[in-house]
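What follows draws every value from the coordinates through simple rules; no lab data is involved. No experiment lies behind these values; they were computed from the predicted model shown. All Cβ positions, glycine included, derive from the backbone under ideal geometry; neighbour counts span all protein chains shown.
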Amino acid sequence: MNTVEDILMAKGSDVIVSLPTDTVLEAARLMAEANVGSVVIRQHDRVVGLFTERDLLRRVAARGKDPATTHLHEVMSAPVQTCRLGDDLNDCARRMKEQRIRHLVVMEQEALIGLISLRDVLVERPGKP
């Protein structure tokens, strides 16, 4: 059985984190520097949202908002969908499909452990639909 932990062991558990008061421009720069498609929004050690390339496109660019003055709390996806290290990848893939999402935040006992994407799940479960 492949689990979320298998993904994090293969790719690492580094996560780019921003504050809700950071601007979209700051987050976009962080994402570009790290070559990732999302940042986890955390406040006072609590995960409060997720900001993705899709949010940038749909909630910022398509609405004509200025990335330099728009704060992440205005355009982030919340609440976030989470999973745990021991969760089965088939279950994660099913949830992502049903909820039409591309990321799951990995949490254990309210602590941020990592982030997995739909691509991560598909790569780790070759041959599975």
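Each eigenvalue of the Cα gyration tensor of the chain, multiplied by 5 and square-rooted, gives one semi-axis; in descending order these are 26, 15, 13 Å. Legend: ranking of residues Met9, Met107, Met76 from fewest to most surrounding C-beta atoms inside 10 Å; resulting order Met9, Met107, Met76. Among Lys65, Lys97, a tally of other beta-carbon atoms within 10 Å of each Cβ gives an order, fewest to most, of Lys97, Lys65. If you run the Gaussian network model on the chain, springs between alpha carbon atoms under 10 Å, then out of His73, His44, His103 the most flexible one is His44. Contour minus end-to-end for Asp6 and Asp66, with contour as 0.36 nm per residue of separation and end-to-end as the Cα-Cα distance? Answer, rounded to one decimal: 17.7 nm.
When every alpha-carbon pair in the range 76-129 is counted, what percent end up more than 18 Å apart?
Numbers: 382 of 1431 pairs.
Summing the P(r) of the range 76-129 above 18 Å gives 27 percent of all pairs.
Ranked by how many other Cβ atoms sit within 10 Å of their own Cβ, fewest first, the residues Leu56, Leu25 fall in the order Leu25, Leu56.
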